[in-house]
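In what follows, a single structure is set out as structure tokens and then discussed.
The values are calculated or read from the model by the stated rules, or taken from the named source; none is laboratory data. From a predicted model like this one, the values you see are computed outputs, not experimental measurements. Every residue, glycine as well, gets a Cβ built from its backbone with ideal geometry; the counts of neighbours run over all protein chains shown.
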Amino acid sequence: MKVGSFVDTNPQLTVKGIGYDKTLGSLEMTLRLRSHLAKLFNEQKKTSKNVFEHNRAMAKLLKEAERVKKILSANTETFAQVINCVCVWSCLLMN
């Protein structure tokens, strides 16, 4: 389409291939993110307790992982914070 001296072209897209993982669903992604948060928590050594051994702490991390997953679906970074997860903890997650 030509408007005055400007020529407008419609860009074309060619799909070269697709890929997916049938085993990586929404829950699996949340569980992996929870494990990552728990590992980061243990690495900070703010307490002598292992967060993987406390069900309540893991439940709080699961809730935070779900929140972080929703934010990261639209943004490239977010702040994760868990209150009273064996102790107060926070970290910055970036892609």
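Just a few scattered comments:
- Scope region 24-53; condition modelled with pLDDT under 85 and farther than 19 Å from Phe79 by Cβ; matching residues: Leu24, Gly25, Lys45, Thr47, Ser48, Lys49
- In this structure, Lys60 does satisfy being surrounded by 11 or more Cβ atoms within 10 Å (Cβ to Cβ), under 21 Å from Phe79 (Cβ atoms) and either touching a helix residue (DSSP H, G or I) at 6+ places or on another chain (Cβ under 6 Å) or charged (D, E, K, R) (or both).
- Checked against the criteria, Thr9 counts as at pLDDT below 90 and either surrounded by fewer than 10 Cβ atoms within 10 Å (Cβ to Cβ) or not in a loop (DSSP other than H, G, I, E, B) (or both).
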